[in-house]
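Here's the structure, in structure tokens; my notes come after.
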Amino acid sequence: MSLLKEPDYGTPAKDGPATVSVEVDGIPVTVPEGTSVMRAAALSGIDIPKLCATDSLEAFGSCRMCLVEIEGKRGYPASCTTPVAEGMKVSTQTSKVDKLRQGVMELYISDHPLDCLTCSANGDCELQDRAGEVGLRQVRFGQERGENHLDLEKDTSNPYFDFNPSKCIVCSRCVRACDEVQGTFALTIEGRGFDSQVSAGGTDFMNSDCVSCGACVQACPTDSLMEKSVVDLGMPNRSVLTTCAYCGVGCSFKAELRGDEVVRMVPYKDGGANEGHSCVKGRFAFGYASHPDRVTSPMIRESNTDEWREVDWDTAISHVAQRMTDIQARHGAGTIGGITSSRCTNEEVYAVQKMVRAAFGNNNVDTCARVCHSPTGYGLKQTFGESAGTQDFKSVAQSDVIMVIGANPTDAHPVFASRMKRRLREGAKLIVVDPRKIDLVRTPHIEAAHHLQLNPGTNVAIVNAMGHVVVTEGLVDRSFVGDRCEDFDAWAEFIAGPENSPEVMEPVTGVPAEELREAARLYATGGNAAIYYGLGVTEHSQGSTMVMGMANLAMATGNIGREGVGVNPLRGQNNVQGSCDMGSFPHELAGYRHVSDDAVREVFENLWERPLVAEPGLRIPNMFDAAIDGTFRGLFVQGEDIAQSDPNIQHVTAALDSLELLVVQDLFINETAKHAHVFLPGTSFLEKDGTFTNAERRINRVRPVMKPQTGKDEWQVACDIAQAMGYPMAYDHPREIMDEIASVTPTFAGVSFDKLDKLGSIQWPCNDDAPEGTPVMHVDSFVRGKGKFMETPFVPTSERSTRKYPLILTTGRILSQYNVGAQTRRTGNVAWHPEDVLEIHPHDAEERGINDGDEVAMSSRIGRTTLRATISERMPSGVVYTTFHHPETGANVVTTENSDWATNCPEYKVTAVQVAPLNPGGKPTTVHDDEPALVE
Ligand code: SF4
Ligand code: SF4
Ligand code: SF4
Ligand code: FES
């Protein structure tokens, strides 16, 4: 494929029907009202020269390059800022406008270094192109004589891009991209006239508010803002369309290569999830794929304390198959199992769960969604009938009230956060429900109407109190509830009970009753109200209850089934939705159908030609317990670092060390692999061929940019193991796996690689009723028929602060790092977050004699770790916060084994801890801890 260049229409599209007819250079064109002359011209095939305009930004009208003549109009208006009018006749190429454009260009070039041939933007520079287009032949104003900007110093502080002010033409595209697209407002134009200069506010980009999303780099028409990788490697010459492998937003990218080397990742304008935007991870943090730590050959060892021995694939596969078969022969079919990864493609995940069900002959398969969004699957299935979010991301543009609960989108789902922030700047109201003062609470041009700063662990009390207000203040949408829902009366009676009132709940939640009442009224009466939530909802002992509580609230107020509303999980990993869809849970086959359903099992049995077990298999925590008991002995782990990501790490590692056979497939020797007997090298997203499904149920293609560095695709490995265990399982290409998924999964019935290639992406359900997919669910009726109200009594967690552990620890993510950090720690992103830190309120710090930057020890009843303290008022007094990106810190050394009652999702968000300054000279460490706490 050659380099893919998307057309640039100069100004953004306008909504609405095409009703205004104009002529551009004699060519008739009809466009929606409000369309610019420049865009109308581009749509009729005529490119008007431009520098300050680009169709991802509102028109600005500063460069004067796009002048045109309009019949009956005086002067030479800028086509980017002039809207079309019915019957308008535009001339874009008269000798007069040519001359004017040449004059403008001459002025630009007179203050621009003339080093085109050696410039890193050579071949991709709009200034260069425009100079050619306008026919510039001479520059009369000499650079030697007048003042110029040619000696301005380069800012190279950002790890990924440089800013060279001498190449800047002050078009403001970068400033506007930062404002309009990213919503960070990090850049300004300082000075006036000749002295105008782009400024990042601080001393340089690295010390500014910039979040390194790269939108400014993409918008810059010259070499002024340029990726360091382009400077180093040269301009790319081919592109491959693929999907980011970090978070659940699922941004589409053009991987741009020079030869076989990836030079840069450029967000794709037609990407359904991101529409041309990205964050620092997707755009820049791809270098881990070629990091020297990567292991690309299989390795085996007898004991997990032996040295690794490199072997070929055949040896590794037959070793795994033989050992697994042997364990089954000695201990029974149910003593082995597998864990699938939400980092892998749908096809890879499907292959592993099929290997477990058909070749291992049991349902002992689970996925890392167990520890994040399993309550979403359960709660939404119970109430709405489908285990997925209700909206597409675009829908937020129609929201009037946005309620963000237990999520931190600007760090964890940054591209969606930018969309959300745009809508908030347009005037939508924001309610934040979070113990921590996340950025969204107050950020440039945005201020939350309500920040309900609840005590960790009291989500259900909050959502019940909101439901109480809706019911007792007569704010229920009676016609929606009457037409579309069931069991409302019982729920209304329950929720109206005095125990759910904001006043009674105030001492529990810590949220003033009147503020909660105001927030509930706003949600119920403020127009289209949408809920977006994250792991701050699910990772609790009542995670599933809370998901149902939010569904109740949305149904009671009629906020389901159209654009701008809904209940939306912000999924963590790139394919967490997909791995759940593919039948990774021990009780469900693909498409969330229970293994005990004879009819469903029969479909799979006929296709797979194997009898399937009707009883659910082991969940991840049960696997650990059974391993310690000796009743579970062989485990295949696909791309998940359970020894870092799962709670109570001491227990996890004890379980792993009890296994007879632990097989880990991953890119690196991660914490889990340190306990393994077999290491099978995995492929990075740049090598994968398949699909990921994002948080809005959007199936995106992942296309291989390079050949598997390991010599084998991951789905092939699962097939080979199954085959070696005597179960024939083979495909020639991942498209055949998707065809099989479509043939057995009603919600995927219409999905194929061909259709994905044609449409770009598809949101399931995709079938005969919705051949091109379903952006918004539950439109006329719920998937389960009637939406079901569920009673959600609040039960406080057993994890409470005590005299010994007086603080509550809650955890989260930071923008530049990702989950256990296996990838991002191996990229330039370490520049921003070299270690996990503990945020502690000034009052709590002072009480303990902790200063900003001190090493502190944090202990819980489970374990102890040390990390650096940051004094911060983001958390209320009594609550501390950290991230879990670095194994040295091992935040999960202290988290407990409490879990959601319905799904066993761990209660990561509430751990009672004590924090104390580390002894002088003490070293950071993570230790098993049955010892007494640091402070009694
Ligand atoms: S990289 Fe993003 S945040 Fe930083 S200045 Fe550019 S647009 Fe703004
Ligand atoms: S840095 Fe680039 S985008 Fe920004 S004003 Fe200069 S030329 Fe325009
Ligand atoms: S928002 Fe998520 S999917 Fe998009 S670029 Fe960033 S990490 Fe990748
Ligand atoms: S492109 Fe119209 S004024 Fe710059």
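The values are calculated or read from the model by the stated rules, or taken from the named source; none is laboratory data. Please read all numbers here as calculations on a predicted model, not as lab measurements. All Cβ positions, glycine included, derive from the backbone under ideal geometry; neighbour counts span all protein chains shown. Remember, those area values only see protein heavy atoms, side chains included, never the ligands or the DNA or RNA. Shrake-Rupley method; radii C 1.70, N 1.55, O 1.52, S 1.80 Å.
Per residue, the accessible area of the stretch 161-290 comes to 30 Å² when a 1.4 Å probe rolls over the protein heavy atoms. To the nearest 10, the accessible area of residue 413 is 10 Å² with a 1.4 Å probe.
A Förster radius of 25 Å combined with the Cβ-Cβ distance from residue 30 to residue 129 puts the calculated FRET efficiency at roughly 0.30.
A 1.4 Å probe run over the protein chains yields, for the stretch 611-677, 28 Å² of accessible area per residue, whole-number rounding. By a 1.4 Å probe calculation restricted to protein chains, residue 5 has an accessible surface near 130 Å², given to the nearest 10. Our estimate of slack between residue 74 and residue 780, defined as 0.36 nm per intervening residue step minus the Cα-Cα distance, is 248.8 nm.
Relative to the longest principal axis of the chain, what angle (0 to 90°, nearest 10) does the C-alpha long axis of helix 714-724 take? Relative to the chain, helix 714-724 is tipped by roughly 30 degrees. With the biggest extent put first, the Cα atoms of the stretch 205-336 measure 67, 33, 30 Å across the principal axes.
Full extension of the segment from residue 602 to residue 2, taken as 0.36 nm per residue of separation minus the current Cα-Cα distance, would add 211.3 nm.
Karplus-based coupling profile of the stretch 38-53, in residue order and whole Hz: 4, 5, 4, 5, 4, 5, 8, x, 10, 8, 8, x, 8, 10, 8, 9, with θ = phi - 60° in 6.51 cos²θ - 1.76 cosθ + 1.60 and x standing for Gly or Pro.
Note on the stretch 161-290: with neighbouring protein chains present and a 1.4 Å probe, carbon and sulfur make up 46 percent of its accessible heavy-atom surface. With 5 Å bins beginning at zero, the pair-distance distribution over Cα atoms of the stretch 695-854 amounts to 1, 6, 9, 9, 9, 10, 12, 11, 11, 9, 7, 4, 1, 0 %. Converting phi to 3J(HN,Hα) with the Karplus coefficients 6.51, -1.76 and 1.60 and the offset θ = phi - 60°, the stretch 868-882 yields 8, 8, 10, 7, 8, 9, 5, 9, x, 4, x, 10, 10, 9, 8 Hz in sequence order, with x at every glycine or proline.
Shown here for the stretch 406-492: GluC sites (Glu not before Pro) in loop regions (DSSP other than H, G, I, E, B) with at most 16 other Cβ atoms within 10 Å, namely 426, 473. As a fraction of the 1.4 Å probe accessible area of the stretch 807-917, surface on carbon and sulfur atoms comes out at 49 percent.
Legend: residues 608, 832, sorted from most to least accessible area (1.4 Å probe; ligands, DNA and RNA excluded), read 832, 608.
Across the stretch 19-133, the relative contact order, built from alpha-carbon pairs under 8 Å that are at least six residues apart, equals 27 percent. Using a 1.4 Å probe on the protein heavy atoms only, what accessible surface does residue 39 show? Give it in Å² to the nearest 10. Estimated to the nearest 10 Å², residue 39 gives 30 Å².
The convex hull built on the alpha-carbon positions of the stretch 567-626 has an orientation-averaged projected area of 5.7 nm². Accessible surface comparison of 137, 701, probe 1.4 Å, protein chains only, largest first: the order is 137, 701. On the basis of the beta-carbon distance and an R0 of 30 Å, residue 873 and residue 795 show a calculated FRET efficiency of 0.45. Of the residues 707, 674, 99, 909, ranked by 1.4 Å probe accessible area with the largest first, the sequence reads 707, 99, 674, 909.
Rolling a 1.4 Å probe over the protein heavy atoms gives the stretch 374-569 an accessible area of 28 Å² per residue. Label sites at residue 14 and residue 291, each approximated as a point 7 angstrom past Cα along Cα to Cβ, lie 4.9 nm apart.
3J(HN,Hα) along the stretch 461-477, derived from phi through the Karplus expression 6.51 cos²θ - 1.76 cosθ + 1.60 where θ = phi - 60°, amounts to 4, 5, 5, 5, 5, 5, x, 4, 4, 4, 6, 7, 9, x, 9, 6, 7 Hz, with x in place of Gly and Pro. Each listed q (0.13, 0.22 Å⁻¹) maps to a log10 I(q)/I(0) for the stretch 807-917 from the Debye sum over equal C-alpha point scatterers, namely -0.47, -1.21. With the simple spin-label model, which puts each label point 7 Å out from Cα in the Cβ direction, the residue 772 to residue 93 separation comes to 3.4 nm. The stretch between residue 754 and residue 447 holds 106.0 nm of extra length on full extension. This uses 0.36 nm per residue minus the Cα-Cα distance. Computed over the alpha-carbon atoms, the stretch 19-133 gives an Rg to Rh ratio of 1.00, Rh here being the Kirkwood radius from the mean inverse distance. The charge dipole of the stretch 1-115, taken about its Cα centre with unit charges on the Cβ atoms of Lys, Arg (+1), Asp and Glu (-1) only, comes to about 300 debye.
Semi-axes of the equivalent ellipsoid for the chain, computed as √(5λ) from the eigenvalues of its C-alpha gyration tensor and ordered from largest down, come to 47, 33, 30 Å. For the chain, the longest principal axis of the alpha carbon atoms and the long axis of helix 543-556 meet at an angle near 50°.
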